[in-house]
Amino acid sequence: MTTRPLNESDESTYNIIPLHDLLADHPSFRFPEVRAAAAALRAVGDLRKPPSVLWQPHYDLMDWLGFFFGFQEDNVSNQREHLVLHLANSQMRQQPPPDNIDTLDPSVLHCFRCKLLSNYTHWCSFIDQVSNIWIADKCDGYSASDHRRELLYVALYLLIWGESANLRFVPESICYIFHNMAMELNILLEDYIDEITGRPVLPSISGGNAFLNCIVTPIYETLKSEVENSKNGTAAYSNWRNYDDINEYFWSRRCFDKLKWPVDIGSNFFMRTRKGKSARKTGFVEQRSFLNLFRSFDKLWIMLILFLQAGIIVAWKEQNDFPWKDIQVMVLTIFISWSVLRFIQSLLDAGMQYNLVSLEILSVGVRMVLKVVISAAWIYVLVVFYAKIWNQKNHDRQWSAAADRRVVIFLKVAMAFVISELSALALFVLPWICNFFEKTNGRIFYIITWWFQSRSFVGGGLREGVVDNIKYSLFWILVLSTKFCFSYFLQIKPMIRPTKDLLDLRDLTFRWNEFFQNSNLFAVGLLWLPVILIYLMDLQIWYSIYSSIMGMALGLFNHLGEIRNIEQLRLRFQFFASAMQFNLIPEEQMFSDSRSTSKGKFKDAVHRLKMRYGFGRPFKKLEPDQVEAYKFALVWNEIILTFREEDIVSDHEVELLELPQNTWNVRVIRWPCFLLCNELLLALAQAKEMVGTPDKRLWYKMAKNEYRRCAVIEAYDSIKHLLLKIIKINTPEHAIFTNFFQEIENSVNIEKFTETFDMLVLPRIHMKVIRLLNLLMSHNKPVNQIVNTILALHEISTWEFFKDKRSMDQLQEDGLAPHGPLPGAGLLFENAVELPGWDDENFYRQYPDEWENFLERMKREGMNTQMELWTSKVRELRLWASYRGQTLARTVRGVMYYNQALKLLALLDSASEIDNSEGSVSGGGGDNKASTFLEAHVYGQVFMKYTYVVACQIYGTQKLRRDPNADEILYLMKTNDTLRVAYVDEVPEWYGTEYYSVLLKYDWKLGKEVENSIYEVANTNLALGTILNQQFIVQLGLFTVLPMIVENSLELGFLATIWDFITMQLRLSPIFFTFSLVTRAHYFGRTILHGGVKYRAMWWRIGVQHNTFADNYRLYARSHFVKAIELGLILILLLAFIPTGWGLVSIAQVFRPALQRTCIWGMVVSMARTYDMVFGMIIFTPVAFLSWMPGVQLMQTRILFSNLNTEISEFNESREKELPHIQEVDIKIKELRQAISALNNHQISPKATIMKKKDAVKETARIV
């Protein structure tokens, strides 16, 4: 086995901490905890030395394990840093701190070992195996050898984990490996002697790369063979194993019998060829079938079916067809239906999991058979006892006492039948019982839980809490109650009367297909079909509605979207300090020391509630001398400066948003300018309006507004500091303004300010101060104008500002005017003004660092023309563009914000330990040595806790090709000291390709990249696809859009949300969303269902390009084109078959006389009725559903009456037009009737003569 040469062969190569030299000048070594952890590893003592190497004095316990068990040298180096950082950080967090911080505390090591090996400990308990950690559970009375043994256990586990590659996705296999290697470690520590050789026992695997070759490689080759056996995800899931399947192999003790130690390569666990027979699955086996939809949601289907049955039975009673007692007994048939559904459920379980049964896990098959048999037996039992009820009732011809006893017996049997469901409900409401059963590994508890589910090592004891279960239950009770009430009163009950009427019809001849015979049951089924479909589907509609309502309520209680404008931001800004205190400051610093008592705990709980939700006034007014004020300013300003570095805001906007540093001795916290806008002007207006008002009342009115109070005090302190700063000390002018400010402060202290000074002059003073500030901020700083402005300000203040006018002598006596000629015989303030330079950061505002903001920043950094962006500033330009796209630079900058946040938190933690008045927290001056020590302290602490590794697979190839992108990645490592780049390097050899896992960093001392590599058995980027049993259903409609509308309504308002929704439709957003969703769902679904997950290089580039149809078809054929063709065929059948069939019926109507005598006419009639029935269902089903909606009912009524009124009006108009013609027709009819009457009268006389003659003839004939 060859070894890949490293760039650095000496021991100076390190990743985070140079542990090879504990005397090196590194920030992490400023912490004694780091030195203590490193020293503990070097305590090898009298351990037996490895026979294969010459032991060196600088070797430690990690080297000792590496030599004995064959770990790679770079793995040993990496895990040494890993372990030291863990132990050092654990000891730093220990409360109270240990007595001796220069040594590793045994309790720290013990707690870390218990936490690190907790999975191994639970695994041993789960499989009923004795742990191979030969050490007491308590660290009291530890000896030096026990301390070292515990350190060796921890180090051994980390070394196994560090070299396990993809075996990390099979965590219980690592437990199996550690269990056996820990036993060999115990044998080494106990100095066992081999009975055969008579020498000390050595580990079963040792030598160079022994662990990788003998342990990792066989298991990894098995994983690789399983990938090949999956046939790129097309093979049946039950025929190959993924990570979870292989991991479940180690959940029973048979792994010790089958694999042994050292691992037996001939075990059926390992697979070498595709035709080889491997171990079968032991956990979940998925059978892909539509039946999973019913099996996975069996409780939902059972609930819907049983309620439908009960609802129909109860609604049937409406017409008093049956006595109420009969209805009650009929409802009991739901238990029989329940037993039938449980029988079907057991069949589905057996059909979906039969591949799981094998000789090794025969108990699973036994459980399947027992469930089928028992569920069938329950059907028989319930049917027998239910039949006895009606037999007794029919025998007695009434509900006698004997029949009632039969009902009670059936209820007892039914209670026994549902006892398992009630137990599951009880365990759900009381989750700690179920957690206890799952966490406890006793056989009796395993037998209790065996019937319900297979024993699983992962996920046991992770039930939700009681409160969460109650909230979850109440939510679903509300949803189901609404759904069932709606279904009963608006779906089931209205259908009973039509059903009865239809069933009561007799002597009807139905011309159905011969299959249905002459029955009206098929008509009843067609009547109920749309109702049942809606009944089964509308549950999700109610769920969407109530989930939206609950989301809205949670959003309101969590104050989401509460701050929508500047006014609400001003009202809520004072809560930010309390929120930061709540989230960042440790509880032991936040709350009182009386938490040990019940009263103290209650007070602290109330205090936390107030701080969390902002009830009342839980916050205190922040003052500038408080540490919390500095901490809050640091956090807020860091956020604003980050916005400026990203060019989101401009320099002017930074001035408005930031919390200014308190370098001018302002007595209040300096709120951002956008909060204080107009507050000073409002205060001046108040003072002008309330002339003559006492000081106490005036200040009470101003101080009611916190921002106004702070604005007034800040303005006064800032003006005072400004004037005394620009006027030379030890000059008469400086003394004048000093005395003037003392006059003001004395009058304020004795509450005589409004009596001493004229409030009407304040606006004029305000205008002069604004002019002075504008002159000071101008580029050329005109000194003469500044002096004149100060002189004018002095004249107004001394001659006009006092209510009692003072003479020159009084002013000189009070120190408000010079006593004699000024030095230099100049004007007042002419030679006393000395302006600070632009480099004075405490006087002038200095910035640390979308296009206009970028140009502004570049000009501030020295750019003269924009052409320099393409020469000396080209890197800044490229970074600016990269930060606005999906690039690696943007990702790195984003994750490095965590680094900045940790530095800020470390600074906040240290803020209470330094003198705030020195300005170390606020960014001011202070002792340089203290600031340097603090900076090194923070840097070292963060460096121990945060390192970001970027997996950039193409970096190695780019370096070989000398690609410029490699230089850009190197630049990112230079500018971010906690950034690491990892990739897998491929080294060609004569026998094949070898792979090395490489970790790169940039070392500023060496001035180049430093890499650390570990030999890998194969490219670890090949991964097996995780198989999930999940059904994907894309549902579109109004109710699925409702949650989005509700959410946006809370943030934007209802009208803005509706307009936004309409805009989305006009932009054809649903079409784009459907296309992208189908694409992602297709490929994600194929990956989920068929595997094939693999590493894909991320080029971080976005572009728009024109592709040929061939390329588009190749990319989107399976996801779009094929589905489009299938949909097109379906539509053709529906736009083709249906019209064609209806056309044939129409043609047959024309030839009806000829076809009625043939057999074809019967087929035509059947087809016509089928079309009529189907179209009736299609058309009237949505109409019937919509007709139940209140708004639609009103709309239908209005439309109906509107149409009726229209027809009536049209009829009246036509009647008025035709009325003359009708009258004329009526006259003609009357005339015609008169003519007919006259004609009839004329015809009556001949008829009468003839009749008389006939009668005479008859009489003569009779006489004769």
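Contact map, the stretch 975-999: residues that are within 28 Å of Met944 (Cβ to Cβ) and in a strand (DSSP E or B) paired with residues that are of a type in the set (Asp, Glu) and at pLDDT below 85, Cβ distance under 6 Å, separation 6+ or inter-chain. Pairs shown: Tyr996/Asp985; Ser997/Glu1016; Val998/Asp985; Val998/Glu1011. Checked against the criteria, Arg168 counts as within 31 Å of the chain's Cα centre (by Cα), in a helix (DSSP H, G or I) and farther than 16 Å from Gly70 by Cβ. Cβ separations smaller than 6 Å between residues 6+ apart or across chains give the following pairs from the stretch 29-48 residues that are under 20 Å from Arg149 (Cα atoms) to residues that are open to solvent by 10 Å² or more (accessible area, probe 1.4 Å) and of a type outside the set (A, V, I, L, M): Ala36/Asp102; Ala36/Thr103.
Listed by first and then second residue, the pairs linking a residue in the stretch 324-349 that is under 19 Å from Ser296 (Cβ atoms) to a residue that is open to solvent by less than 40 Å² (accessible area, probe 1.4 Å) and hydroxyl-bearing (Ser, Thr, Tyr), with Cβ atoms under 6 Å apart and 6 or more places separating them unless they lie on different chains, are Arg342/Ser375; Phe343/Ser375; Ser346/Ser375. Does Glu714 satisfy the criteria of being acidic (Asp, Glu), surrounded by 19 or more Cβ atoms within 10 Å (Cβ to Cβ) and closer than 24 Å to Ala832 by Cβ? No: the conditions fail for Glu714. The set of residues from the stretch 764-804 being small (Gly, Ala, Ser) and open to solvent by less than 20 Å² (accessible area, probe 1.4 Å) comprises just one member, Ser797. Scanning the stretch 956-1005 for residues that are in contact with a helix residue (DSSP H, G or I) (Cβ under 8 Å, 6 or more places away or on another chain) and among the β-branched types (Val, Ile, Thr) returns Ile969, Thr978, Val981, Val984, Val998.
Residues of the stretch 653-688 that are more than 30 Å from Lys803 (Cα to Cα), in a helix (DSSP H, G or I) and touching a Lys or Arg at 6+ places or on another chain (Cβ under 6 Å): Val654, Leu675.
Checked against (1) more than 35 Å from the chain's Cα centre (by Cα); (2) in a helix (DSSP H, G or I), Asp191 passes all but condition (2). Contact map, the stretch 199-227: residues that are assigned to a loop (DSSP other than H, G, I, E, B) paired with residues that are charged (D, E, K, R) and open to solvent by less than 60 Å² (accessible area, probe 1.4 Å), Cβ distance under 6 Å, separation 6+ or inter-chain. Pairs shown: Val201/Asp194; Pro203/Glu184. In the set (1) in contact with a helix residue (DSSP H, G or I) (Cβ under 6 Å, 6 or more places away or on another chain); (2) at pLDDT 75 or above, Phe437 fails one condition alone, (2).
Taking the stretch 279-333 as the search range and keeping residues that are of a type in the set (Phe, Trp, Tyr) and under 22 Å from Lys483 (Cβ atoms), which one is modelled with the highest pLDDT? Among those residues, the one meeting the criterion is Phe307. In this structure, Lys631 does satisfy being under 35 Å from the mean Cα position of the chain (by Cα), more than 22 Å from Asn565 (Cα to Cα) and basic (Lys, Arg). When the stretch 967-1021 is filtered for residues that are among the hydroxyl-bearing types (Ser, Thr, Tyr), modelled with pLDDT of 80 or more and open to solvent by 30 Å² or more (accessible area, probe 1.4 Å), the ones remaining, listed by number, are Tyr971, Thr975, Ser997, Tyr1002. Answer yes if at least one residue in the stretch 155-176 is open to solvent by less than 20 Å² (accessible area, probe 1.4 Å), over 20 Å from Ile219 (Cβ atoms) and in contact with a Leu (Cβ under 8 Å, 6 or more places away or on another chain), and no otherwise. Yes - at least one qualifying residue is present in the stretch 155-176. Look at (1) under 27 Å from Cys214 (Cβ atoms); (2) open to solvent by less than 30 Å² (accessible area, probe 1.4 Å); (3) touching a Pro at 6+ places or on another chain (Cβ under 8 Å) and you find that Val44 fails only one, number (3). Listed by first and then second residue, the pairs linking a residue in the stretch 92-116 that is farther than 19 Å from Gln941 by Cα and part of a helix (DSSP H, G or I) to a residue that is modelled with pLDDT of 85 or more and open to solvent by 70 Å² or more (accessible area, probe 1.4 Å), with Cβ atoms under 7 Å apart and 6 or more places separating them unless they lie on different chains, are Phe112/His86. Could we say that Phe67 is within 16 Å of Ser206 (Cα to Cα) and assigned to a loop (DSSP other than H, G, I, E, B) here? Criteria not met by Phe67.
The values are calculated or read from the model by the stated rules, or taken from the named source; none is laboratory data. Here the structure is a predicted model, which is why all the values come from computation and not from measurement. We place every Cβ from the backbone using ideal geometry, glycine too, and count neighbours over all the protein chains shown. Areas reflect the complete protein model, heavy atoms only, side chains present, ligands, DNA and RNA absent. Shrake-Rupley method; radii C 1.70, N 1.55, O 1.52, S 1.80 Å.
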